[in-house]
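Here, each number is a calculation from the coordinates, and none is a lab measurement. Just so it is clear, the model here is predicted, and its values are computed rather than measured. Neighbour counts are summed over all protein chains in view; Cβ atoms, including those assigned to glycine, are modelled from backbone coordinates with ideal geometry.
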4 protein chains.
Amino acid sequence: MNIAFIGLGQMGRAMSGNLLKSHHTVTLFNRSRSKAEDLLAAGARWADTPAEAASEADVVFTMVSDDSALEEVTLGDPGLLNALPEGGIHVSCSTISPDTSRRLAAEHELKKTAYVACPVFGKPEVAEAGRLWLCQSGNPAAKERIRPLLDLIGQGVFDFGEDVGAANVVKLAGNFLIGCAIEAMAEAFTLGEKNGIDRKAMWEMFSSTLFAAPVYRNYGKMIAEEHYQPVGATPALIRKDMRLLLEVAQQSVTPMPFGNIVFQQLTATVAKNIGHIDWAGFAGEVSENAGLGKKR
Amino acid sequence: MNIAFIGLGQMGRAMSGNLLKSHHTVTLFNRSRSKAEDLLAAGARWADTPAEAASEADVVFTMVSDDSALEEVTLGDPGLLNALPEGGIHVSCSTISPDTSRRLAAEHELKKTAYVACPVFGKPEVAEAGRLWLCQSGNPAAKERIRPLLDLIGQGVFDFGEDVGAANVVKLAGNFLIGCAIEAMAEAFTLGEKNGIDRKAMWEMFSSTLFAAPVYRNYGKMIAEEHYQPVGATPALIRKDMRLLLEVAQQSVTPMPFGNIVFQQLTATVAKNIGHIDWAGFAGEVSENAGLGKKR
Amino acid sequence: MNIAFIGLGQMGRAMSGNLLKSHHTVTLFNRSRSKAEDLLAAGARWADTPAEAASEADVVFTMVSDDSALEEVTLGDPGLLNALPEGGIHVSCSTISPDTSRRLAAEHELKKTAYVACPVFGKPEVAEAGRLWLCQSGNPAAKERIRPLLDLIGQGVFDFGEDVGAANVVKLAGNFLIGCAIEAMAEAFTLGEKNGIDRKAMWEMFSSTLFAAPVYRNYGKMIAEEHYQPVGATPALIRKDMRLLLEVAQQSVTPMPFGNIVFQQLTATVAKNIGHIDWAGFAGEVSENAGLGKKR
Amino acid sequence: MNIAFIGLGQMGRAMSGNLLKSHHTVTLFNRSRSKAEDLLAAGARWADTPAEAASEADVVFTMVSDDSALEEVTLGDPGLLNALPEGGIHVSCSTISPDTSRRLAAEHELKKTAYVACPVFGKPEVAEAGRLWLCQSGNPAAKERIRPLLDLIGQGVFDFGEDVGAANVVKLAGNFLIGCAIEAMAEAFTLGEKNGIDRKAMWEMFSSTLFAAPVYRNYGKMIAEEHYQPVGATPALIRKDMRLLLEVAQQSVTPMPFGNIVFQQLTATVAKNIGHIDWAGFAGEVSENAGLGKKR
């Protein structure tokens, strides 16, 4: 298949690399070409615009930072929407608002192309290993056609039906669940520390028993050690996701007390210009409010 | 060894049953004898008072509902403290305040006996399978002596040092982490439901990927199905634990925003007289506040 | 002066009535003419469109329900923007987003007309008495020219400078402060009631001593009596205001824990379809969560 | 009347001074005598113990820092309980738990003396002016007898019936309402500041219109100016009051979301060792979390 891949951040590079390894033709577009060099050396092609990338594609993946970046590469001039051949499929992997997905899906339908929402879970190293978890929603036939490609970048795909916005809601809910686990561990470990208990000993116990799951294992280690590196995603980036979550909650008239607190902690972190750490570093709000001094 | 076991709720029956199976002599005390019948039939002995149970014991386990029940069986007349022979060890498995542990440990020291805090994690069926997770703190020599017994009731023991209150803090923190996971899932699944997404599909995805851990698997199923049975522990019982948590937080000057919300949700559940469900049923506060009607 | 007045809800009728009484020429527009009958009988003129109302006006007041209604009457076809004669002033009294004010002010500037943000505080009966409190921001010369008109509808005007969005932020902050007083009283009176203390006795004391101010006196009476009539503004309407507040907070990176709670209580009230009471009725969330049963 | 006054902090000195001015005999006790010098010079008598102070008293006032200090001067040896002549009245003005009042009232009844709960509202300068607001509960006959004395220290007395704990609940609720007003203003003014609006201009408007009440006027000025002097009460002292409030809420099964937040902000302030400012300074948590830097 001819594949276009638009958006070469850490995640996009890893995902397009896995598509490339399996001998598909992959054409890349990114705002700055320098991010593409390795992939071009490995056989990928370069396009100067999203439209050029999409113009001969069967499937175009997008993995960009937010709603407006996605709208730009899709609807902008020259965007992928007008260039993608009839029957083409846009696999939209970014973490965006469900309403943006619904609007773009409607635009694609008018052009006789399809739009599938397919956000992903996993840090960059998971993406490199082709072990992402994917959730998808949208047109059934399109989902069936792209499935072999999804299997190249992920270890499993969960389907949420035909409402194209559904997978986006699930992705936002997933980041929210991670944020809740971060805050919960931050409070638990801080309470421990203030009572003379080693943070790492608590983490070791919980993350290997009741909470033996990747989120508690990986984010928990950062929180236990209060060392928020490497940066999977910044506080500002995930704050954007939590803003989208709260917008969905507001539109659907759903109170989310934990959602508000996670958003608040990220907001305080961003307001204090603490930007060069992983977003799990909002855990530092908890220890600083307990008088334990700054470690970020 | 001669073992005494005081407190035959669901958890205590399962734990003392496992001790009995391994051919130790086990003497039981409980406020109502009827709970002991099966165990007596299987070879356990009966004592009419905590003192009588402890009077010939090497080790006395207590597993009672709260601080005052523990103080009653320990310090009451006739309590175990005065009866336990010199060198005896009190293994205190209840979920109680760290300060109660510290006070009782000091009393035991005066009598040349030892007190080990050893709270447990796991639902009654896990206790029956001898697969509890245990956390302990207190006198090192005593902890070493009881270790073979702990291995009969649990699948692993985590040590938190010599401050006898430490294990109690860890236990409270563990219940808090579970409470946070419950509230987080309640909000995520409710948001999904209000956006047309199946609660069980969300649970299936998260609990088999990023959150593939027993808490998300087991409590999550109840929350996804909104069916809070069977009852592992009631809302009122765990509300007591969260009260103890917040007392420790207050004494150690630690803000816990998530802790407050979990306590609030349990408080609302108790205030509305919703008592005959598992404590995970406080998740219903979230869906009811989102206008989804009552399922509890 | 020739005055146009657009938007004849409870507030708009009262305000335009006061302008009319002072012998200005007042031309009215409202989506449904029936609301205007009394004012027409008293000498006001009728216009069939916002444009017609504004076409000969020196000053056009708008008092509509939200941002999109204001954009419709201003920018729609036939809207007031294109009709208002050069030098004319748009006095925008609605509770809207500061960004909407800034955008409309820029449009007016292109047409050589002026836009002044002038939101108001006070219930309908206060508006009728010409005793509103007004806050304004925008072009200094325009503010000076409209001042005699503002004195006809209010008992005082507070100026917040030239950034036209400032008065809108102040208005949102004011509604937020009222919401906080409502929640605070709801919690205090509910705590009292659950401890055997008369809600009205508490209200009587606080609202005549430390909190002897209109908000505590008036909203407090509703909360003490748990009778949320008459309806000054519905929960849904003020929930919109709190949404705008939280948007401003989000854009300016400001955590607002109380803001989140007030929004949550209103959200729960709206989600439960409790719509025909004054917005102070969100206080019922507090008593219901304390198990006191429904009075709304 | 013979009056004893125990507890000569800022408040106690002002209150006993007003009793002294009206030609009653006033006998003082305080842990350190130095605080009494001015009053002794003005005609008060000194007692070396609470018992000595109470031994010839018709009425003994207590105004101490917390429950344990009150228990010490009342039940300690030599405490006032055993010394107060039959028929004597203990007027308890401290901010304490309702349960402490109930317990002490029962002790007094056994001795045929009476205990009236009579906590006060007002800063030290208000106390000096004899303009406190008082709330009382307890034995009706005792309340009638002390009324002329209360009129010497306050401008008004509000009665909350015969349950002696009621006035203590009202006092805690009052401090809670003040705390809520502080947090609400902190959020509103911080939102304003982050949007270019002068904090003092917002305070000026609100505290002279909808919120024209002493709490908004006085605490609001501190918050607007971010200058938390003079110190009426420290963060640590009022944190104790909020702890008592939350205990009453917990015992009576009442969720208090605002109560939790006020307690959290005070807890963070205390945890950071910010102690030499008025408790309104917890408002600084809000501006610091908004990235505005430290002014405390």
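In table form, for the structure just shown:
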item: Contact order normalised by residue count of the range D:2-162, Cα under 8 Å, 6+ apart, percent; result: 20
item: Spin-label pair C:A42/A:D99, simplified geometry with 7 Å Cα→Cβ offset, distance in nm; result: 3.9
item: Of C:K111/C:K171; C:K240/D:K171; C:K240/D:K240; A:K272/D:K295; C:K221/C:K272, pairs whose Cα-Cα distance is over 25 Å; result: C:K111/C:K171; C:K240/D:K171; C:K240/D:K240
item: The range B:169-289: proportion of alpha-carbon pairs further apart than 23 angstrom, %; result: 28
item: Student exercise, chain C dipole from Lys, Arg, Asp, Glu Cβ charges, in Debye to nearest 20; result: 560
item: 5 Å binning of all Cα-Cα separations within the range C:2-161, expressed as whole percents from 0 upward; result: 2, 10, 21, 25, 23, 14, 4, 0
item: Cα long-axis angle, helix A:140-153 against chain A (0 to 90 degrees, to the nearest 10); result: 60
item: Computed magnitude of the charge dipole of the range B:2-162 (debye, nearest 20; Cβ of K, R +1, Cβ of D, E -1); result: 360
item: Chain D - Rg (one decimal) and Dmax (whole number), Cα, Å; result: 20.0, 65
item: Kirkwood hydrodynamic radius over Cα pairs of the range A:57-124, then Stokes diffusion coefficient at 20 °C and 1.002 mPa s, in µm²/s; result: 180
item: Cα-based helix-to-principal-axis angle, C:214-225 vs chain C, degrees rounded to 10; result: 50
item: DSSP bridge pairs, the range C:2-161: antiparallel proportion in percent, nearest 5; result: 15
item: 10 Å Cβ neighbours from other chains, averaged over peptide C:264-276; result: 5
item: For C:P148, inter-copy label distances in nm, listed shortest first [label point 7 Å out on the Cα-Cβ vector]; result: 6.3, 8.2, 10.3
item: Per-copy distances of the C:P78 label point, shortest first, in nm (7 angstrom along Cα→Cβ); result: 4.6, 9.6, 10.2
item: The range A:231-296: C-alpha gyration tensor shape, a/c 1.5 cut-off, then a/b vs b/c; result: oblate
item: Within the protein assembly as shown: Cβ-based charge dipole about Cα centre, in debye rounded to nearest 20 (Lys, Arg +1; Asp, Glu -1); result: 0
item: Label point distance in nm, A:H227-D:S34, each placed 7 Å from Cα along Cα→Cβ; result: 5.1
item: Built amide H within the under 5 Å cut-off of A:V116, gap 5+; result: A:H90, A:V91, A:S92
item: Förster radius 22 Å - calculated FRET efficiency between B:A129 and A:S208 (Cβ-Cβ, nearest 0.05); result: 0.75
item: Antiparallel bridge percentage (DSSP; both residues within chain C; nearest 5); result: 15
item: Innermost chain D residue relative to the axis carrying D onto C, by Cβ distance in angstrom; result: D:A213, 2
item: Nearest-first distances (nm) between copies at C:S208, label 7 Å from Cα via Cβ; result: 2.8, 6.7, 6.7
item: Peptide-level mean, for A:242-248, of C-beta atoms on other protein chains within 10 Å; result: 3
item: Tilt relative to chain A, helix A:10-21 - C-alpha long axis, 0 to 90 degrees, to 10; result: 50
item: Of B:I96, B:F121, B:L80, farthest towards positive along the dipole that unit charges on Lys, Arg, Asp, Glu beta carbons give the range B:1-137; result: B:F121
item: Convex hull per residue volume in Å³, alpha carbons only, for the protein assembly as shown; result: 186
item: Shielding by partners - mean other protein chain Cβ count within 10 Å, residues of A:171-179; result: 5
item: Given charges at Cβ of Lys, Arg, Asp, Glu: chain C dipole, positive-most of C:L20, C:M222, C:A236; result: C:M222
item: Highest average packing first - B:2-9, D:67-74, A:205-212, Cβ atoms within 10 Å; result: B:2-9, A:205-212, D:67-74
